[in-house]
Amino acid sequence: MILTSRIASRAVGWVLLALCLTTALVVQADPTRLPRVASTNLCADLPLLQIADPGQIVSVSYQSQNPRVSPVSDAARAYPVNRGSVEELLHLKPDIALVYSGWTGRRHAQLLAEQGIEVVALPYAKNWTDAIENTRAIGALIGRAETSERRIAQAERRMRALTERARSYSLLYLRPNGGTAGSQTYVDDVITRLGLHNYAAEHGYAGWRSFPLEHLVAEPPDVFLLGYFDQARSLTGSAYGLHPVFKALLERTPAISLPGSVWGCGGLELVEAAEQISEQIDRLALDQDHPP
């Protein structure tokens, strides 16, 4: 069933609330004990490593230790890794297993529950508000509400500082395979919060889509925002970025870029992406005002 965004948002809130209440019952016998938590996906690793007490982290995903994709790789190396299998969770025996909605092991949630392991499926964020709400819910779920609120307050102050002036550029976010981000994505939300214009959204694109190369020839954006171009990919996965037409466009159109480790999940790390975009756009504007 496809829900409207408003209904889906409410549903996510009720699910997270129910999960928090359930977990509270699990640890009620010893209210001073924090639940032991394992994360099975990089997007679950990030909030866990940012707000959990180190002693309650049982395991993190193998992706978390890869500096090419993970901004918390140094912290993640302190913990054993997993590949998100049901067998690993049964061996690790956490109180809570943080997964994402696409986790294939969810069909075994009852088996895990019988062993005292609660599977919590985290929703994907569509915007900065979702990132804040998800972090707050995870903090309550794992007994670290105060820490999550401090993290949220710091991130919100940084984000607000970036939105104090308007910037008039139109940006087209592109990955090496031609993928872009239209409206209803956290990329679009960050771009618009900075006072910039999302070229894909303004051309009618919503969600995660491919942007036709031929549409750029006659009317390119003011600036290309390149993501994941720093990572080696197969020829098929990078064909768009290697296309001669696209390379020619890059020669006459300004481009800024973000490393793949900055914003692949849509959590509080979005503020780092926003700061890098802002810094590069401001530098670009300065260069254009004062050409060599």
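The values are calculated or read from the model by the stated rules, or taken from the named source; none is laboratory data. All of these numbers come straight from a predicted model, not from anything done at the bench. Reconstructed Cβ throughout: ideal geometry from the backbone, glycine too, with neighbour counts over all protein chains shown. Remember, those area values only see protein heavy atoms, side chains included, never the ligands or the DNA or RNA. Shrake-Rupley method; radii C 1.70, N 1.55, O 1.52, S 1.80 Å.
Elements of the type helices (runs of 4 or more DSSP H) sitting completely within the range 39-149 and holding at least 2 residues that are farther than 19 Å from CYS265 by Cβ, open to solvent by 50 Å² or more (accessible area, probe 1.4 Å) and without any contact (Cβ under 8 Å) to a residue 60 or more places away in the chain: these cover 86-92, 109-114. The residues in the range 161-180 that are closer than 15 Å to ALA273 by Cβ and touching a Pro at 6+ places or on another chain (Cβ under 9 Å) can be counted, and the count is 1. Among the residues of the range 196-203, is any in contact with a Lys or Arg (Cβ under 9 Å, 6 or more places away or on another chain), within 23 Å of TYR124 (Cα to Cα) and not in a strand (DSSP E or B)? The answer is yes; a qualifying residue exists. Total residues in the range 220-256 satisfying the condition of being open to solvent by 60 Å² or more (accessible area, probe 1.4 Å) and either under 23 Å from THR40 (Cα atoms) or among the small types (Gly, Ala, Ser) (or both): the figure is 2.
Does THR185 satisfy being on the phi < 0 side of the Ramachandran plot, open to solvent by 60 Å² or more (accessible area, probe 1.4 Å) and within 19 Å of the chain's Cα centre (by Cα)? For THR185, the condition - on the phi < 0 side of the Ramachandran plot, open to solvent by 60 Å² or more (accessible area, probe 1.4 Å) and within 19 Å of the chain's Cα centre (by Cα) - is not met. Considering the conditions (1) in contact with a strand residue (DSSP E or B) (Cβ under 7 Å, 6 or more places away or on another chain); (2) aliphatic (A, V, I, L, M); (3) modelled with pLDDT under 90, LEU42 is excluded by exactly one of them, (3). Of the set (1) at pLDDT below 95; (2) in contact with a strand residue (DSSP E or B) (Cβ under 7 Å, 6 or more places away or on another chain), all apply to THR185 but (1). Among the residues making up the range 150-182, those that are open to solvent by less than 40 Å² (accessible area, probe 1.4 Å) and within 18 Å of LEU196 (Cβ to Cβ) are MET159, LEU162, ARG167, TYR169, SER170, LEU171, LEU172, TYR173, LEU174, THR180, ALA181, GLY182.
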